[in-house]
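Inspection log for the structure reproduced underneath, given as structure tokens.
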Amino acid sequence: MSRNETSLSPAWSMDTLAIRAGSQRSDFREHSEALFLTSSFVYGSAEEAAACFAGQEQGYIYSRFSNPSVEMFENRLAALEGAERCVATASGMAAILATALALLKSGDEIVSSRSVFGTTHVLFNKYLHKFGVKTHWVDIADLAAWEAAMTPATRLLFLETPSNPLCEIADLQALAALAHRHGAKLVVDNCFCTPILQKPFDWGADIVIHSATKYLDGQGRVLGGAVLGGKQDLDEVYAYLRTCGASLSAFNAWIFLKGMETLGLRMRAHSEHALHLARWLEEQEIVAKVHYAGLPSHPQHALAARQQSAFGGIIGIELKGGQAAAWRCINATRLFSITGNLGDTRSTITHPATTTHGRLSAEEKQAAGITPGLLRLSIGLEDVTDLKSDLAIALKAAAV
Ligand SMILES: *Cc1c(COP(=O)(O)O)cnc(C)c1O
């Protein structure tokens, strides 16, 4: 191997991989990874073009399915998750759709945690359903419910852990075992933890999904996603993407490469700030409940501590006084941004019932625990004392 490619050492830690894995240098020997903004690539001869298109010779062809900047991002994320292969997509939703369309056919079934990203509900219930793929929704922590929902047609078990925004934890090892007993696959959306805090493949997961839009970028700039897993499944996902086109842009891949260099530092800082604030929030009179797995009061604290190296940056809080109190709290913050995004250096505050989960029916909201008084906080990297002061003022306004 030449010095132009970084050879991976199995001994390297996550922080080293996040900075070094996947890097390739061009003949210019740039130090920082280059951005290859080109839709296609050229050949020295007709013979070479034919060999590349036939797959007999290695070479980039067209950026819908081969681009060096995108490939560097894929290889870095694969090294971090410990996956054989990674395929990058235009967004997190494109990653979930790619997984479904590549691995499922009409008549197949999904068993999914009810507590998943709001748009994932719509994707499964409206669009996959239209093509004959049925989804059974279950409580993430209820192993008996997962088991009861399995049928001979079940192909995928789908979940996010910790869940959004209630911070419920799935037992990955138990669910992987359940999936495998039934010849199904466990798909984990690892967006909230990133591989720094949780490595689903270590617990038996078959596919890992990312919305890179969140912590992998970490600065709220661009959209992207990824699907990771074994070569056989990912070859299917790659073939789907090459044909169906929701691929990641080179520019966004380059942004993610830069973002990932600080992923370890950021994830640990997000987690520290969030734990500090969650403990403080639990003592506030107007806060009826704090949903954060780092708190000993969380019913699955022990499971989260076993599966994750820290508890992440997302906190759910339930205010006494319902939607009116929640909205007063949001409107009184000065530092928190009012936005649906999360995983940013900037702290954000969201009212799930009327935004991220607004498209769910009243019954679906109730079943998913999206109450009117619920707020989701994504704790950023601002000074934690400033964040606490801002929340103190907002909670006071909410209590009026
Ligand atoms: C944001 C998000 C998605 C969707 O990702 P996009 O990049 O917005 O398409 C999927 N899962 C989780 C957990 C998310 O937070």
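The values are calculated or read from the model by the stated rules, or taken from the named source; none is laboratory data. Predicted model, so just to flag it, every value in this text is computed and none were measured. Don't worry about glycine lacking a Cβ; one is built from the backbone with ideal geometry, like all the others, and counts go over all protein chains shown. Heavy atoms of the whole protein, side chains included, go into the accessibility calculation; ligands, DNA and RNA do not. Shrake-Rupley method; radii C 1.70, N 1.55, O 1.52, S 1.80 Å.
If R0 is taken as 41 Å, the Cβ-Cβ distance between THR119 and ALA324 corresponds to a FRET efficiency of 0.95. The trypsin sites (Lys or Arg not before Pro) of the range 163-230 meeting both criteria, a DSSP state outside H, G, I, E and B (loop) and at most 16 other C-beta atoms within 10 angstrom of the site's C-beta, are ARG221.
Taking every alpha-carbon pair under 8 Å whose residues sit at least 6 apart, the chain reaches a relative contact order of 16 percent. Rounded, prolate or oblate for the range 361-400? Axes are the square roots of the Cα gyration tensor eigenvalues, ordered a ≥ b ≥ c, and the cut-off for rounded is a/c under 1.5. Cα axes put the range 361-400 in the oblate bin. Counting heavy atoms of the protein chains alone, GLU282 has an accessible area of about 80 Å² for a 1.4 Å probe.
Accessible area per residue for the chain is 43 Å², calculated with a 1.4 Å probe on protein heavy atoms, without ligands, DNA or RNA. Restricting attention to the chain, lysine pairs at least eight places apart or on different chains and with alpha-carbon atoms under 20 angstrom apart total 22. In terms of its C-alpha gyration tensor, the range 253-346 has an oblate overall shape, because the principal axis ratio a/c (a ≥ b ≥ c, square roots of the eigenvalues) is not below 1.5 and a/b does not outweigh b/c. Our summary gives the range 263-398 a relative contact order of 29 percent, counting only alpha carbon pairs under 8 angstrom and 6 or more residues apart.
With an a/c value of 1.5 or above and a/b not larger than b/c for the gyration tensor axes a ≥ b ≥ c computed over the alpha-carbon atoms, the range 1-129 is described as oblate.
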